Structures are given as structure tokens and as C-alpha cells.
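> Have a look at the structure that comes next, please.
What follows draws every value from the coordinates through simple rules; no lab data is involved. Just so it is clear, the model here is predicted, and its values are computed rather than measured. Here the Cβ is made from the backbone with ideal geometry for all residues, glycine too, and neighbour counts use every protein chain on show.
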């Protein structure tokens, strides 16, 4: 066990956890005043629900010994995690974990991978803003994590012999196909983006989509959220080195570089096309760059990261307009930013990878031929197809049974009040002309303890 | 007595207020308003999608004035709120039958 590696991975896990509240701000600022709380609650419910699933069977389903074909881990192997929490109790090994993943305690790896699962689920919610029944969303997240995220995490993140014993087998994308996805361009971003598209198609457009203005209600929240996402993303990408080492440092520098370039790319596109560089464009460019560099941060050089980021900013800035062309209401552009950005970043590795970078692979532009390119394409489109199809089935079943959409009246009135009996802002101030009714009896003559 | 109502650009409020105080107007009521006139609204662009914002922010200022002062006060408001550009707003007057000061019960011009 390496204490430096362990410290870095535990710190990275905390950084990645912060991304989900950051995403809540990012998304929350983009919706209208009447639905900001529901938007943020879809992220916070993911924090609550996925954590419990992960401890019970999620980790095991993703990182247990392969049950066949590299498709899914054994959900019972690490059920409840109790078999991997052991530590040394002697004088010379006190506190040293008895179960390791590479050089870190298995539980540090459990923590790090948990926060990936949480944010992937939360990302989907941007596609169905303002109109999804909260109870159905909660049920959906349980089913989706179980049938889509945990298996796909196994495909991409479970390496042979790493988590479930020396002879164990991991997922097919990581070990058989050998596509490069350093931190989750496929498992996180393509996965969430494809799921968002499927749900947006099933649930349908917001009332007034493409007719009424649906302006972001608070762009300062969006900027704050983008900042928190960027900060947390260093845990996401550099933490994926699973060690405090040179790979982590390269991933860190590539992450900041691509993100900066993507923000420039998005702003340049807006300036040329619309005449004004916008704050929403700067924040969106940041996220597009982070998404695109996620799979590639160990396999490109810093100059490669500039090229990859700048192109990602331009491509995503153009892709967010697709929903108007095709007429689906992906409200906060999960498709335009995460699906398109994830696809671009994952496939771009096939062109821009350089053997000088830690992954040690040359892409097409560096004389490596198409060998890595086809692996990247197969991995990306396999996750895209699996996620879209299974999500569509889950969403369709829920929509036809318990219903996925709130009533028209509630949607117009505002989902915050309809689903949560709250409102985000007291805009008029001193709205104190109602009556107060405590829900528990208030003792007026309670005894004061001595 | 007349009620003078002015709908003006928000950033002109302080100037108008100062000019009215200098003229000797004792009080006024100000509220935030939104609306449009011949300039219509403006367009904003979010992630490439253009929104026409019809209702632009305005300030609505109301002053009660005794009849001999009406023309002068209107003049003060118009002069101090004018930028000469589209969207400067409107000023209008309406007759008022009576005004009562709540604290004392005084009526008419005494209540101003």
C-alpha cells in the first residue's frame, strides 16, 4: 500500500463528489425560476440513491469477477463491501489495508468509483428539466444504475486482475478491445448523453418549447457551477491515474489546457455566428472541454490537448443547435455537450494520441495507423447503442406505468411547488401574509434542563 | 390636482428625482415596471438560440401635483429623463378628484 497514492485518490474522490453539487448549480441556473429546486434535487437525489446502491451491490456489479464475456461483474462477490474492509492490526502493519487495488486500499477505489457513478446519473437530468415526476426519476435512477451504469463501468474501468483477485477478469472494452478511455468519456459522458437523448424523446418537449423564451434564470449560478465542475474535474481526470505520480500530473495539465482551449473555441464560434461572446458560452465551453479531454488526458500531449479542446468547443457550440433542427427537447444540452463532446474526445484519441504521452500509443496523425482509431470507434458506439436502447426501454416502461411526466397544469405553475412544495426565491420579499402552522406541536412550557 | 405618471428608463431615475427635488416636489412613488413601446424589445442569444425579449425593464414614477405646477413638473421630468434615443418612455397626466393625508385627514392641496 502506498500512502501517497492513497492520499491522492481519497482527495480526488472528495473533489469528484463536489462536482455533483456543482452540476446542480450549473443546471439549476439554466432553468427558469419556477423549476430550479427540482433541477438541483435531481442531482442531490442521485447522491443519496446511488451511494446506497453502490455500497450494497453496485461496486460488486462493476468490479466483481466477470460473470462472462466481460459484460458484468458478480454482484454478490463484494455485497455490502464487508469482505474488503480489513486492515492490519499488528505492530508493523497497523492500519494497512489487507485488500488493495494496485497500490491503494480497495475502499479508496470504492470511494473514487462511487462518485463517478453519482455524477453520471445526475448528468442525465439536464435533458428532462422542468417536467419529470420526481418519484419516477428516483425509480429510474435505481433501475438505470443497475442495468446501464454498473455494467458499462465494468466494461470500461474493470481491469483484469485488478479488483477481484489476481486471476479475475474485467470488462471487454478495457481488456479485450483495448480502447483508451482514461477517465470515462464512454462510461460517463457518452453513456449519460445517450440516456438523456432517450429520455428526452420519451418524455417529450416542455410546454412552449421553441415558442416561448426559456431563458436561463441565473447565469451567475451557471458560472459558479462551471467553476466547481472544473475544480472537481482534476480529481476526475488526474485522480484516474490512481496514484500520485507523473501520469496524474500529465492528466492534470492536459485537463486544464483542453478546457481553456474549448472555452475559447466556443466563444469564437459565438462571436463569429451571433456577434457576442456570452457568459453561458464560456461556461458551456469549459464543460465541453472537460468532457472531451476526459478519455484523452493520458494519451495526448499538451499541444494535442489544445487542438482537441479548441475543436471540442467549436463542435459542441454547433451541436447544441441540433435539438431545434430535429425537434427534440434536450433542455440543457446533455446531448450537445456530453454525448457529442464524449464521442469527439473518445474518437479523437484515434487521431491525436501520441506515444510521448503516458498511454504510449500513436494515433493516425502520429503514424500509428487506424489500429487505435477503430478500437475507439467500437468502444464509443457500443456504449452509445447500449445506453440508448436500454434507457429507452426503461423510460418507456416507466412512462407507460407510473408516468414520467407531471401534469400540464403543474408544469405551467412550476415543478418546484408541484413536486417539492417549495419555491427557490422569495422575490416579492416578506411574503408573510399567510398563516403559520407548525407540523409538530410546539411545547410552550417545556422544562429547561438544569 | 393632477397625477403625473412617467414611465422612464431605469438609469434616469436618480436624475429625475434630483431635478424634481430641486423644483420643490415633496414626494413621489416609484415602482419597477416592464413594457414596450414603439422600440419593441430586444433580442438575447443563449447557446445560439435567439430570444426576443418584448418587455424591457422600466421605472414608473408617480407624482401628485397642484394644478398650477403641472406643466412645469411635466417639463422637469421630460427634460431630466430625455436621452434622445428610442425607448425614453412616456409621461401623462390624469385628473385627481381629491387627496387625503392619512395621518391628519387633511384634504386637497393641503394634503400634498
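> Could you state the principal axis extents of the C-alpha atoms in chain A, from the largest down, to the nearest angstrom?
69, 67, 43
> Moving on to the next point. For the residues A:120, A:141, what sequence is obtained by ranking on other C-beta atoms within 10 Å, fewest first?
Sorted ascending by nearby Cβ count, the order is A:141, A:120.
> Given the Cα-Cα distance of residue A:176 and residue A:82 and 0.36 nm per residue of separation, how much length would full extension add, in nm?
Extra length available between residue A:176 and residue A:82 comes to 30.8 nm.
> Let me ask you something else. Given 25 °C and 0.890 mPa s, how large is the Stokes-Einstein diffusion coefficient of segment B:2-111 in µm²/s, with Rh as the Kirkwood radius over Cα pairs?
158 µm²/s
> Fully extended, how many nm does the chain gain between residue A:102 and residue A:409 (0.36 nm per residue separation, minus their Cα-Cα distance)?
105.1 nm
> Under a 10 Å cutoff between Cα atoms, tell me which one of A:287, A:139, A:250 has the largest fluctuation in the Gaussian network model of chain A.
With Cα springs under 10 Å in chain A, the top fluctuation among A:287, A:139, A:250 is at A:139.
> Follow-up question, since we're still on this one. Quick one: helix B:70-81 against the long Cα principal axis of chain B, what's the angle to the nearest 10°, folded into 0 to 90?
30 degrees
> Which value, in Å to one decimal place, does the Kirkwood hydrodynamic radius take for segment A:1-88 when every pair of different Cα atoms is included?
15.6 Å
> Then there's this: Taking other Cβ within 10 Å of each residue's Cβ, how do B:59, A:383 sort, fewest first?
With the fewest neighbours first, B:59, A:383 line up as B:59, A:383.
> With everything on Cα atoms, drop me the angle between helix B:13-23 and the longest principal axis of chain B, reported from 0 to 90° to the nearest 10.
Approximately 20 degrees, to the nearest 10.
> At q = 0.18 Å⁻¹, what log₁₀ I(q)/I(0) does a Debye calculation on the Cα points of segment A:126-217 give, no solvent, two decimals?
-0.88
> Here's something else I'd like to know. Averaging the inverse of every distinct alpha carbon separation and then flipping it gives the Kirkwood radius. What is it for segment B:53-112, in angstrom units?
One decimal place: 14.0 Å for the Kirkwood radius.
> Could you list A:84, A:314 so that the one with the fewest beta carbons within 10 Å of its beta carbon is first and the one with the most is last?
Arranged by neighbour count, lowest to highest, A:84, A:314 become A:314, A:84.
> Still on this model: Highest GNM mean-square fluctuation, chain A, Cα pairs closer than 10 Å: which of A:167, A:356, A:426?
Highest fluctuation among the options: A:426.
> Moving to a separate point now. Report the Cα centroid-to-centroid distance between segment B:55-112 and segment A:167-237 in angstrom, as an integer.
Taking the Cα centre of segment A:167-237 as reference, the centre of segment B:55-112 is 55 Å away.
> Compute the relative contact order of chain B as a whole-number percentage, counting only Cα pairs closer than 8 Å that sit 6 or more residues apart in sequence.
Answer for chain B is 42 percent.
> Using helices alone, what [θ] at 222 nm do you get for the protein assembly as shown, with -39,500 (n - 2.57) per DSSP H run of 4 or more residues, divided over all residues and rounded to the nearest 500?
-15500 deg cm²/dmol
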